[in-house]
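S.K.: The structure is given below, and queries will be raised subsequently.
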Amino acid sequence: MPKLKLPAPLIPDRMKPPPKRPGTETKSRGAAAEAGISVIDWVDERTSLSQSARVMMFRKIPKGTNWFYTLGSATLFAFLSQAVTGVFLAMFYRPDAAGGAYESIRYVTNEVFLGEFVRGMHKWGSSVMVILIFLHMARTFFFGAYKYPRELNWVVGVALLILTMAMSFSGYLLPFDQRAYWATIVGVNINGTGPFIGPYLSDFLRAGPEFGATTLSRFYAIHMLVLPGIIGALIGAHLYLVAKLGTTAPPWIKAEDPVQREEQA
Ligand code: HEM
């Protein structure tokens, strides 16, 4: 009986493997590179992530965009660096007011491999982030980026600014040395002088009638759980609005005259 030849199944173009690049067929490096591509393709085919990445990343930017526009991303990088170094510090830190907190910080600084370096990055990184956030805010202010339709992004930014300051404030107590202790007492008391919510806020921060063990636990929870979570979510909203609305052109760039453009065309 003659063999029945079925037609080849129709494979959509995007599912066909890409053509081999000349010279890569036999070399092992070529095969490894191809494997990487096909893994990415495999994930992409099921998630379409590359499409959303393209929508977010490939955008038109206004004429005159300059280095000042990198300050937001620099702030983002500082935040991520704080998150990474903070995770390593949390592996050793003990929020124990009876000497444990101080001792754990001493241990990280003097005994742990690269501990002093990571602690230094986290400590100086907090000042760097505060400086960068102010510079970024100044850029958006002087370029008029707070105006319609970006008012909401400005408001989200203000919340980020307050939360970043709260991060610095809550982190300052954690070494629980003399300076941290007394500086935070002053800070909590200043909070208490605020109108209406001031006294409630300082009670909340003190976490009890006395400044002590419960205060340290509260500050630690606020510093490493509450604030980073809220900041992360707000940065997401902030970047979504940047991607949706685009960035503002520098104030010295004149808008094109549509009539003139028509005439030139
Ligand atoms: C954690 C803090 C922050 C991060 C990570 C961040 C990140 C960014 C990034 C990446 C951009 C786009 C690029 C650029 O314009 O630099 C941007 C834009 C913007 N940011 Fe922030 N930002 C932060 C805080 C703030 C603050 C404190 C304000 C103001 C109070 C603010 C207001 C704005 C505005 C209005 C825009 C739009 C700029 C434009 O249209 O040209 N941001 N931000």
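The values are calculated or read from the model by the stated rules, or taken from the named source; none is laboratory data. Just so you know, these numbers come straight off a predicted model, no measurement behind them. Positions of Cβ are backbone-derived with ideal geometry, glycine not excepted, and every protein chain shown enters the neighbour counts. Note: accessible area is taken over every heavy atom of the protein model, side chains too, but ligands, DNA and RNA are not part of it. Shrake-Rupley method; radii C 1.70, N 1.55, O 1.52, S 1.80 Å.
S.K.: Would you check which residues across region 174-212 are over 30 Å from Tyr107 (Cα atoms) and either among the charged types (D, E, K, R) or open to solvent by less than 40 Å² (accessible area, probe 1.4 Å) (or both) and list them?
M.R.: Result: Gly192, Gly194, Gly198, Ser202, Asp203.
S.K.: Any residue in region 56-75 that's on the phi < 0 side of the Ramachandran plot and open to solvent by 100 Å² or more (accessible area, probe 1.4 Å): show its pairings with residues that are near the ligand (Cβ under 8 Å from one of its atoms) and assigned to a helix (DSSP H, G or I) at Cβ separation under 6 Å, as long as the two are six or more apart or on different chains.
M.R.: Phe68/Arg139
S.K.: I need the full set of residues from region 239-265 which are among the β-branched types (Val, Ile, Thr), within 11 Å of the ligand (Cβ to nearest atom) and not in a helix (DSSP H, G or I), in order please.
M.R.: Across region 239-265, the qualifying residues are Thr247, Thr248.
S.K.: Criterion first (touching a helix residue (DSSP H, G or I) at 6+ places or on another chain (Cβ under 8 Å), in a loop (DSSP other than H, G, I, E, B) and buried (at least 19 other Cβ atoms within 10 Å of the Cβ)) does Ala145 satisfy it?
M.R.: The answer is yes for Ala145.
S.K.: Hey, another quick one. Of the residues Arg46, Arg54, Arg59, only one is of a type outside the set (S, T, N, Q) and assigned to a loop (DSSP other than H, G, I, E, B); which? Walk me through it before giving the result.
M.R.: On the way: Arg46 fails: assigned to a loop (DSSP other than H, G, I, E, B); Arg54 fails: assigned to a loop (DSSP other than H, G, I, E, B).
Only one candidate passes the filter, namely Arg59.
S.K.: Next question. Which one is most open to solvent (accessible area, probe 1.4 Å), of the residues in region 41-54 that are touching a helix residue (DSSP H, G or I) at 6+ places or on another chain (Cβ under 8 Å) and free of Cβ contacts under 8 Å to residues at least 12 places away in the same chain?
M.R.: The extreme case among them is Leu49.
S.K.: Among Val108, Val156, Val130, which is of a type in the set (A, V, I, L, M, F, W, C), open to solvent by less than 50 Å² (accessible area, probe 1.4 Å) and away from the ligand (no atom under 16 Å from the Cβ)?
M.R.: Exactly one residue qualifies, and that residue is Val108.
S.K.: Looking at region 143-154, which of its residues are touching a Phe, Trp or Tyr at 6+ places or on another chain (Cβ under 9 Å) and of a type outside the set (Gly, Ala, Ser)?
M.R.: Of all residues in region 143-154, those touching a Phe, Trp or Tyr at 6+ places or on another chain (Cβ under 9 Å) come to 143, 145-147, 153-154.
Of everything in region 143-154, those that are touching a Phe, Trp or Tyr at 6+ places or on another chain (Cβ under 9 Å) and of a type outside the set (Gly, Ala, Ser) turn out to be Phe143, Tyr146, Lys147, Asn153, Trp154.
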